[in-house]
Amino acid sequence: MTATSRRTEPVERGAAKRRDSGGEAGPVRRSASHNFQEQTRSLTQADYGRRLRLQLTRREVNEVVKEATKEVWPNLNRVPFRLGSPTEFARQWSNLGIKVRLANLSGPEGLGLVGFYVKKIKGVIEHPMICVNIAHHPTLVGTAFAHEMGHHLTARMFGSRTEESRLLLRSDFELHLDEPKELVADILVSLGIYPAEKALRMFGNSDPQLSSDLKEMLCDPAYMRAFDYIADIYGLRIDGTRAGPQKVHCMAALAHYTKLRRALVDEYGI
Ligand SMILES: [Zn+2]
């Protein structure tokens, strides 16, 4: 299935259902739009470069990329991820021995959950499992699959006994900067959607500026180039002023992955 054909199906179905039932679409849409700048403020103000350096060295990042290239994404950081439909991910991931569960939690609280990963536990859990909330915008659903696969890879790579089931929550994105395992999973997503050639062209010739909010971030020419690219590749255009509930989550994720990608260029030239 092409990126275009699968783009908005689950989201539009959910929105239509809420409109039909006279439910939360109106008030939530206005509220989400009103709070959008506030909800993304800590994320846009965060110094991603400094926090990346505090958690991972260039060598560690390169090792993770090498392993991910070998195990799952042979073209990682060379060709942009194709964010297919949930069933397509389920088919691909199940070939790797992972059970995929799709949740559809479209209420205001349910949308707080993006996904989670549960590792295999001998005698208790037969197969590792990835669960993703498909009520989100399809682009966010696609990146959630990739993020959770990142956990699967790190659990295998590091043989971690402490890799717990983790919930990927929309409000967590900036907090991931302080947790190496979460950061590694997000780095794989960032490299997947912004391959090196594109990222170096977008961010390589400009100094990173800290933005006070998303509006200011959107005025930075480097980010403008990045978001134009995302619109071309994934059909997703940042527009905070008309954000519905799903879009708010998606924009927060996109701002996060984009800032992280820029930090990888600025700090490590990756
Ligand atoms: Zn995670």
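Identify, please: which residue in the range 142-169 is over 13 Å from Y257 (Cβ atoms), touching a helix residue (DSSP H, G or I) at 6+ places or on another chain (Cβ under 6 Å) and part of a helix (DSSP H, G or I) and is, among those, modelled with the highest pLDDT? Among residues in the range 142-169 that are over 13 Å from Y257 (Cβ atoms), touching a helix residue (DSSP H, G or I) at 6+ places or on another chain (Cβ under 6 Å) and part of a helix (DSSP H, G or I), the one modelled with the highest pLDDT is F145. Residues in the range 175-193 that are near the ligand (Cβ under 9 Å from one of its atoms), farther than 18 Å from C250 by Cα and part of a helix (DSSP H, G or I): K181 only. Contact map, the range 103-120: residues that are of a type in the set (S, T, Y) paired with residues that are more than 12 Å from the ligand (Cβ to nearest atom) and not in a loop (DSSP other than H, G, I, E, B), Cβ distance under 7 Å, separation 6+ or inter-chain. Pairs shown: S106/G14. Does any residue of the range 112-122 turn out to be loosely packed, with under 15 Cβ neighbours inside 10 Å and in a loop (DSSP other than H, G, I, E, B)? There is at least one residue in the range 112-122 that is loosely packed, with under 15 Cβ neighbours inside 10 Å and in a loop (DSSP other than H, G, I, E, B). Take the residues of the range 67-83 that are out of contact with any helix residue (DSSP H, G or I) (no Cβ under 7 Å at 6 or more places or on another chain) and modelled with pLDDT under 95: which is surrounded by the most Cβ atoms within 10 Å (Cβ to Cβ)? Among those residues, the one meeting the criterion is R82. It is to be established whether one or more residues within the range 87-99 are in contact with a Gly (Cβ under 8 Å, 6 or more places away or on another chain) and either within 16 Å of the ligand (Cβ to nearest atom) or in contact (Cβ under 8 Å) with a residue 12 or more places away in the chain (or both). For the range 87-99, residues in contact with a Gly (Cβ under 8 Å, 6 or more places away or on another chain) and either within 16 Å of the ligand (Cβ to nearest atom) or in contact (Cβ under 8 Å) with a residue 12 or more places away in the chain (or both): present. Name the residue that is farthest from the ligand (Cβ to nearest atom), counting only residues in the range 100-111 that are surrounded by 16 or more Cβ atoms within 10 Å (Cβ to Cβ) and modelled with pLDDT under 90. Across the range 100-111, the extreme among qualifying residues is S106. Considering the conditions (1) among the charged types (D, E, K, R); (2) part of a loop (DSSP other than H, G, I, E, B); (3) in contact with a helix residue (DSSP H, G or I) (Cβ under 6 Å, 6 or more places away or on another chain), D207 is excluded by exactly one of them, (3). With respect to the conditions (1) near the ligand (Cβ under 10 Å from one of its atoms); (2) at pLDDT 95 or above, A199 lacks only one, and its number is (1).
The values are calculated or read from the model by the stated rules, or taken from the named source; none is laboratory data. Note that the structure is predicted; figures quoted are calculated from it, not measured. Reconstructed Cβ throughout: ideal geometry from the backbone, glycine too, with neighbour counts over all protein chains shown.
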